[in-house]
Amino acid sequence: MKKDNPDKIDNPVNETDVSRRSFIKIAGLGLGLAAGATGCDGRPAGGDGWMPAQYEGKGHFPAQVRGRVPIDPKNVSICRDDQKCILCGQCAEVCEKVEAVMGNYELPLKNDIPCIGCGQCTLWCPTGAIVETSGIEKMLKALEDPSVHVVVQTAPSTRVALGEEFGLPIGTNVEGRQVAALKALGVNTVFDTNFAADMTIMEEATELVGRITGKIKGPTPQFTSCCPGWVKFCEYYYPELIPNLSSARSPMGMLSPLIKTYYAKQNNIEPKSIFSVAIMPCTAKKFEAARPEMNNAGVKLGDESIRDTDLVLTTRELAQLMKMKNINLMDLKEAEYDKVMSQYSGGGAIFGVTGGVMEAAVRTAYCLISGEKEPPKLVYNLEPIRGLKGIKSAELDVPKVGKVRVAVVAGMENAKEILKRVKDGSEQYHFIEFMACPGGCISGGGQPKSSLPPSDKARTARINALYTIDEKTTLRLCHENPELKALYKDYLGEPNGHLAHELLHTHEYHDRSMNLVAKK
């Protein structure tokens with residue numbers, strides 16, 4: 001197997017050129033130090049949270065050449081331009097210290113180069129050497145083909161980050177202008193992944209209630225399964241806990257097969273002519289879309305070559321595409337999402353926030369278990385699981401079942417701690433939310449670089465923007481979404497029912513532990 005060699009430059013330059021790596025050796029300093037500048041109060045400019053060790057001190061010269069993460073040439077999520085790499089080590093540090101991947105397996109490597117695709121390295125890289133694997137060319141090809149019907153869905157947190165690429169303040173909600181931009185690019189139909197977030201809660205909460213009451217077979221705590229970086233981490237390091245993963249697919253994984261079945265049928269469109277695109281804050285979503293089992297629509301339609309999601313573009317890629325086509329976000333009038341699968345609740349809106357999935361699920365699970373129409377007011381603002389803390393927990397009294405304990409985890413280094421507690425029995429939970437990225441999807445590996453290194457100030461601004469959407473909407477419970485109710489009535493049947501399981505669930509999680517030897 002070809003191994004990623006830190007000393008090898010895949011794209012050699014002319015021998016007379018002075019490479020960045022050579023310059024470091026000559027000058028004894030690197031671009032990474034610029035990111036360590038301190039603010040007026042003497043603290044690192046990146047903020048207090050998730051700070052690599054290189055920025056915690058005074059930044060003494062000279063800088064050390066500290067290596068980099070290995071990246072498989074076949075990695076569908078991220079890639080690296082070796083000529084831009086200065087070996088500052090920021091990618092390696094976030095991968096090891098925050099995501100617990102690099103440095104957490106023994107060498108030599110076995111069958112692949114371990115990577116969960118989270119893309120945090122792309123946010124920490126000061127030179128732009130590591131970026132998402134581009135899908136722009138494929139998107140342009142689809143848009144230029146008159147025989148292709150392009151359908152796009154947009155994730156919850158893209159709307160509060162895209163504006164940063166066009167000079168707007170961090171956290172500005174550009175939902176309507178994002179839709180307008182996609183229409184200006186030539187997209188036929190634009191749906192909101194928030195709608196599918198509501199649907200995910202319907203499926204996931206129903207499954208949770210079934211596990212708690214014993215009506216559905218499966219261990220507790222139930223783990224969320226909407227973060228593909230977390231799912232792959234679990235497959236690598238904790239395959240024995242795979243049964244704890246909810247079988248519910250992510251919102252993207254649910255909406256995509258419905259686009260090629262329900263939407264196609266409603267509009268008399270040939271499913272094979274649909275090019276389904278997801279605008280995501282996450283580079284790991286590119287991996288999720290490529291997973292072999294992500295073809296539920298194809299299985300249902302009798303043509304397994306039909307993929308559920310044909311392409312994933314990050315928020316940054318959408319901005320790049322808009323700039324290529326001279327589309328300025330500020331020049332656009334707001335547009336609305338297309339009907340049928342776009343209406344959403346406040347619960348769906350906060351899916352992009354660490355703790356948001358849990359909060360939305362608790363609201364609905366409370367109602368499903370208790371039979372009450374409204375949950376208590378405290379559930380609409382579940383403070384114990386809000387904020388940027390890496391591990392959070394809460395306990396609620398729910399009629400008919402008693403105390404229900406939940407936990408929220410962001411960053412896979414924190415996942416190791418909570419899973420240790422689960423395995424040794426020191427902590428008992430019913431439901432645990434996992435997100436690979438600090439702060440959740442709002443700080444996903446495909447989001448704009450608002451600061452270097454990523455700061456808690458930027459994360460908080462985006463988080464507050466999504467909570468504001470939730471607070472301002474009159475519809476805050478996922479299971480009360482009228483469009484979603486109609487979809488179940490007209491097509492899917494009941495949550496966790498036969499057709500819902502065919503299209504919206506998966507049991508194809510893979511034990512990847514044979515691909516590495518995890519460090520104890």
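Some observations on this one:
- Test: residue in segment 483-496 that is surrounded by fewer than 17 Cβ atoms within 10 Å (Cβ to Cβ), in a loop (DSSP other than H, G, I, E, B) and either more than 19 Å from the chain's Cα centre (by Cα) or not acidic (Asp, Glu) (or both): yes
- Subset of segment 348-376 that is hydroxyl-bearing (Ser, Thr, Tyr) and open to solvent by less than 20 Å² (accessible area, probe 1.4 Å) - its residue that is nearest to THR158 (Cα to Cα): THR354
- Among the residues of segment 99-143, those identified as without any contact (Cβ under 8 Å) to a residue 24 or more places away in the chain and charged (D, E, K, R) are GLU137, LYS141.
- Selection within segment 188-232 - out of contact with any Lys or Arg (no Cβ under 9 Å at 6 or more places or on another chain), in a helix (DSSP H, G or I) and among the charged types (D, E, K, R): ASP198, GLU204, GLU207
- Number of positions in segment 432-454 that are open to solvent by 50 Å² or more (accessible area, probe 1.4 Å) and either free of Cβ contacts under 8 Å to residues at least 12 places away in the same chain or touching a strand residue (DSSP E or B) at 6+ places or on another chain (Cβ under 6 Å) (or both): 0
- Note on segment 122-148: residues that are open to solvent by 40 Å² or more (accessible area, probe 1.4 Å) and closer than 30 Å to SER345 by Cβ amount to 0.
- Of all residue pairs spaced 6 or more apart or on separate chains, those with beta-carbon atoms under 6 Å, a first member in segment 325-345 that is farther than 22 Å from MET139 by Cα and a second member that is surrounded by fewer than 20 Cβ atoms within 10 Å (Cβ to Cβ) and of a type in the set (D, E, K, R) are GLN343/GLU483.
- Filtered by the rule that a residue be aliphatic (A, V, I, L, M) and surrounded by fewer than 24 Cβ atoms within 10 Å (Cβ to Cβ), segment 309-347 gives LEU311, ALA319, LEU321, MET322, MET324, ILE327, LEU329, MET330, LEU332, ALA335, VAL340.
- Counting only residues that are assigned to a strand (DSSP E or B) and open to solvent by less than 10 Å² (accessible area, probe 1.4 Å), segment 396-426 holds 5 of them.
- The set of residues in segment 443-459 that are part of a helix (DSSP H, G or I) and in contact with a Leu (Cβ under 7 Å, 6 or more places away or on another chain) comprises ASP456, ARG459.
- A single member of GLY402, GLY390, GLY356 is under 18 Å from the mean Cα position of the chain (by Cα), among the small types (Gly, Ala, Ser) and over 30 Å from VAL190 (Cβ atoms), and it is GLY390.
- Qualifying residue in segment 409-430 (condition: closer than 22 Å to ARG159 by Cβ, of a type in the set (Asp, Glu) and under 18 Å from the mean Cα position of the chain (by Cα)): no
- Screening the candidates THR474, THR460 for the property of being in contact (Cβ under 8 Å) with a residue 12 or more places away in the chain, open to solvent by 40 Å² or more (accessible area, probe 1.4 Å) and closer than 26 Å to ALA394 by Cβ yields one hit, THR460.
- Residue within segment 218-230 that is within 18 Å of TYR344 (Cβ to Cβ) and modelled with pLDDT of 95 or more present: yes
- Taking (1) assigned to a loop (DSSP other than H, G, I, E, B); (2) open to solvent by 30 Å² or more (accessible area, probe 1.4 Å); (3) not small (Gly, Ala, Ser) in turn, TYR429 satisfies each apart from (2).
- Segment 190-224, residues that are open to solvent by 10 Å² or more (accessible area, probe 1.4 Å) and hydroxyl-bearing (Ser, Thr, Tyr): THR206, THR213, THR220
- Positions within segment 242-262 being out of contact with any strand residue (DSSP E or B) (no Cβ under 7 Å at 6 or more places or on another chain) and over 16 Å from GLU293 (Cβ atoms), in sequence order: PRO243, PRO251, LEU258, THR261, TYR262
- Criterion (touching a residue at least 24 places away in the same chain (Cβ under 8 Å) and among the acidic types (Asp, Glu)) met by exactly one of GLU483, GLU494: GLU483
- Residues within segment 253-293 that are open to solvent by less than 10 Å² (accessible area, probe 1.4 Å) and without any contact (Cβ under 8 Å) to a residue 12 or more places away in the chain, tallied: 1
- Annotation: VAL312 fulfils all but one of (1) outside any strand (DSSP E or B); (2) within 20 Å of the chain's Cα centre (by Cα); the unmet one is (1).
- Within segment 109-140, the residues that satisfy the criterion of being closer than 17 Å to MET412 by Cα and assigned to a loop (DSSP other than H, G, I, E, B) are PRO114, CYS115, ILE116, GLY117, CYS118, GLY119.
- PRO169 meets all of the listed conditions (1) in a helix (DSSP H, G or I); (2) open to solvent by 40 Å² or more (accessible area, probe 1.4 Å); (3) over 30 Å from CYS234 (Cβ atoms) but one, namely (1).
- Yes/no for GLU471 being of a type in the set (Asp, Glu), touching a Cys at 6+ places or on another chain (Cβ under 9 Å) and modelled with pLDDT of 95 or more: no
- Against the numbered list (1) touching a helix residue (DSSP H, G or I) at 6+ places or on another chain (Cβ under 9 Å); (2) without any contact (Cβ under 8 Å) to a residue 40 or more places away in the chain, THR206 comes up short only at (2).
- Among the residues of segment 94-147, the one identified as out of contact with any helix residue (DSSP H, G or I) (no Cβ under 6 Å at 6 or more places or on another chain), basic (Lys, Arg) and over 19 Å from LEU182 (Cβ atoms) is LYS97.
The values are calculated or read from the model by the stated rules, or taken from the named source; none is laboratory data. Being a predicted model, the structure only gives us computed values, none of them experimental. Cβ atoms come from the backbone with ideal geometry, glycine included; neighbour counts cover every protein chain shown. We work out accessible area using only protein heavy atoms, side chains counted, and drop any ligands, DNA or RNA first. Shrake-Rupley method; radii C 1.70, N 1.55, O 1.52, S 1.80 Å.
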